[in-house]
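Take a look at the structure set out below.
The values are calculated or read from the model by the stated rules, or taken from the named source; none is laboratory data. Since we're looking at a predicted model, the values are computed, not measured. Using ideal geometry, Cβ is built from the backbone for each residue, glycine included, and neighbour counts are taken over all protein chains shown. All accessible areas refer to the heavy atoms of the entire protein, side chains included, with ligands and DNA or RNA removed. Shrake-Rupley method; radii C 1.70, N 1.55, O 1.52, S 1.80 Å.
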Amino acid sequence: MDLDAAYRLNPRTALDGPAHCCERRERCSLGTPDVVRFVRALVMHASVRDALDAADLGGTSRARVVAALEHLAATGVIVAAP
């Protein structure tokens, strides 16, 4: 995953169902509610790195979010913006 690239939620992916499960702490395929909020906020930033910096995450949390984003990109939930 290129942290200097912009990523967006794949328009063909419905995030509402999985996000609802995460918010209720049920079986969540997206990781944590924080990751869901982060994915929704990606559209407001020019790059993943900008979004990470704006979130002001600690080192461990940042690494977890990046790992979750890499998984979401690999599975097509988020895609590089054109």
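Structure summary
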{"quantity": "Hits in region 60-76 - residues which are out of contact with any strand residue (DSSP E or B) (no Cβ under 7 Å at 6 or more places or on another chain) and in contact (Cβ under 8 Å) with a residue 60 or more places away in the chain", "calculated": "Val66, Glu70, Gly76"}
{"quantity": "Selection from region 39-74 of residues that are over 11 Å from the mean Cα position of the chain (by Cα), at pLDDT below 90 and open to solvent by 80 Å² or more (accessible area, probe 1.4 Å)", "calculated": "Asp56, Thr60, Ala74"}
{"quantity": "Cβ-Cβ under 7 Å pairs, at least 6 apart or on other chains, region 1-21 side among the charged types (D, E, K, R) and assigned to a loop (DSSP other than H, G, I, E, B), far side modelled with pLDDT of 85 or more and surrounded by 13 or more Cβ atoms within 10 Å (Cβ to Cβ)", "calculated": "Asp4/Ser47; Asp4/Arg49"}
{"quantity": "Qualifying helices (runs of 4 or more DSSP H) (wholly inside region 30-82; at least 2 residues being within 17 Å of Asp2 (Cβ to Cβ), aliphatic (A, V, I, L, M) and touching a helix residue (DSSP H, G or I) at 6+ places or on another chain (Cβ under 9 Å))", "calculated": "48-55, 59-74"}
